[in-house]
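J.: If you scroll down you'll find the structure; I have some questions about it.
Values in this text are rule-based calculations from the coordinates and carry no lab data. Model, not experiment: these values are computed from the prediction. Virtual Cβ from ideal backbone geometry, glycine too; neighbours counted across all protein chains shown.
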Amino acid sequence: MRLYGGLDLHGDNVFCSLLNEKYEIVYERRLPNDLPTIMQALEPFRERLGGLAVESTFNWYWLGYGLLRNGFTTLLANPARMQENIGLKSANDKTDSRFLAKQVAMGVLPQGYIYPEEQRPARDLLRRRLSLVHARTGEWLRLESLVARHSGKDLGMHALQGITDDELKALLGNNELVMAMARTSREHIDFLAGKIKEIEQMVESLVKLNDNYKKLITVPGIGRILAMTITLETGPIARFAGPGNYSSYCRAVKTEHTSNGKKKGEGNSKNGNRYLAWAYVEAANFAVRHSPELRAWFQRKAAKTKRVVAIKALANKLSKACFFIMRDGVNFDVKKLIG
């Protein structure tokens, strides 16, 4: 009789439950977060195991990939799509692991995509780059705010990049303490810029895009780093049934539910990939600057609604265009995008 397992993973232990096809408990134990110990516990059941579910927690990598490397059929449970322990007044690690195992046995486990282990470090490194980009932007905003408070001048990033320390000090009223704050921001910005550049050079030297994904660079607003980010976050484009599915995964569509033309509620806005959501909004902002056709479309859209809504709408269009580029290996065609 086949067995199915649920692994409820925590910071320092994992609760393991194995059920048979009749949902009877065959094995159940709390194990330490030690891969050899877990492998030893599962080995007697290897030939009968039809699948092991690991919940997508913050620390699932070592366990999920460890199981895969050791030949176990491993499924990544998507907690955002599960209604755990329906009907139970009390839930605990035991009920959680049994719930996972039962869903595997029934063939209804909501699954997340397990990214190839050898490609994940590059993807995660680009995610770290994004966090540094956000930190650098925050430091620029602090510097702009500091100048505005002490000079009354609304100077943007480009203007501040071009002024000397003496000019900046004069703007700040020749106050040494205020200048110390400005100097700290500048040094922090320079440090972050250097680290961002290091990451970009490392990823560019190691990551090779296939021909279909290289064509992402034909999209206005998408350069090599953004193309790599989209490629690595997307994974195999074949896992998406169509452009709408992909756009939804990129968080580029509304989450509202309607009935008879009236809004009845909203879906989970956190479903999907927040890094792809950022990438396509970033691409949309750059596209407006560099493509006359897309800028004209954006201006018409923004005149009817808000700027942020127009950018999001353009991001939606770009995500769908990129779906076809990655799937079919075609170049970007602005006429097909906006008519």
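J.: Give, rounded to the nearest 20 debye, the magnitude of the charge dipole that region 120-206 has about its Cα centre when Lys and Arg contribute +1 at Cβ and Asp and Glu contribute -1 at Cβ.
T.: Using only the charged Cβ atoms, the result is roughly 440 debye.
J.: Determine the sum of side-chain charges near Ile217: Lys and Arg each +1, Asp and Glu each -1, restricted to other residues whose C-beta is under 12 angstrom from that of Ile217. Don't skip to the end; give the middle numbers.
T.: Details: positive: Lys214, Lys215, Arg224; negative: Asp211.
Cβ neighbours under 12 Å give a net charge of +2.
J.: Could you compute the net charge surrounding Ile199? Neighbours are other residues with a C-beta less than 9 Å from the C-beta of Ile199; K and R count +1, D and E count -1.
T.: +2
J.: Treating cross-link reach as a plain straight distance, find the lysines whose alpha-carbon is under 30 Å from the alpha-carbon of Lys94, omitting any fewer than eight places away in the same chain.
T.: Lys22, Lys102, Lys270
J.: Using the crude model of +1 on Lys and Arg Cβ and -1 on Asp and Glu Cβ, and no other charge, please compute the dipole size for the chain relative to its Cα centre, in debye to 20.
T.: Computed charge dipole of the chain: roughly 1580 debye.
J.: Right, here's the next one. Run lengths n ≥ 4 of DSSP H only: what is the helix-derived mean residue ellipticity at 222 nm for the chain, with -39500 (n - 2.57) per run over all residues, to the nearest 500?
T.: Details: 14 runs with 185 residues, N = 339.
Rounded to the nearest 500, the figure is -17500 deg cm²/dmol.
J.: Considering only Tyr23, Ser319, Asn273, whose Cα is most displaced toward the positive end of the charge dipole of the chain, charges sitting on Cβ of Lys, Arg (+1) and Asp, Glu (-1)?
T.: About the Cα centre, the residue reaching furthest to the positive side is Ser319.
J.: Give, as a single signed number, the net charge of other residues whose beta carbon lies under 14 Å from the beta carbon of Gly162, with Lys and Arg counted +1 and Asp and Glu -1.
T.: Around Gly162, the surrounding residues sum to -2.
J.: Return the subset of Lys208/Lys320; Lys214/Lys335; Lys153/Lys304; Lys214/Lys336; Lys208/Lys317 for which the Cα-Cα distance in this structure is over 29 Å, preserving the input order.
T.: On the way: Lys208/Lys320 23 Å; Lys214/Lys335 20 Å; Lys153/Lys304 31 Å; Lys214/Lys336 19 Å; Lys208/Lys317 26 Å.
Beyond 29 Å between Cα atoms: Lys153/Lys304.
J.: Quote to one decimal, in nm, the extra length available between Ala238 and Glu47 on full extension: 0.36 nm per residue of separation minus the C-alpha distance between them.
T.: Extra length from Ala238 to Glu47 when fully extended: 65.7 nm.
J.: Using the charge dipole of region 120-206 (Lys, Arg: +1 at Cβ; Asp, Glu: -1 at Cβ; taken about the Cα centre), state which of Asn174, Ile199, Leu141 has its Cα farthest towards the positive end.
T.: Of Asn174, Ile199, Leu141, it is Ile199.
J.: Please arrange Val108, Val147 by how many other C-beta atoms lie within 10 Å of their C-beta, fewest to most.
T.: Val108, Val147
J.: Ranked highest first by the average count of other Cβ atoms within 10 Å around their residues, in what order do 279-289, 64-74, 21-31, 193-203 fall?
T.: 279-289, 64-74, 193-203, 21-31
J.: How high is the relative contact order of the chain, in percent, counting Cα pairs under 8 Å that sit 6 or more residues apart?
T.: 13 percent.
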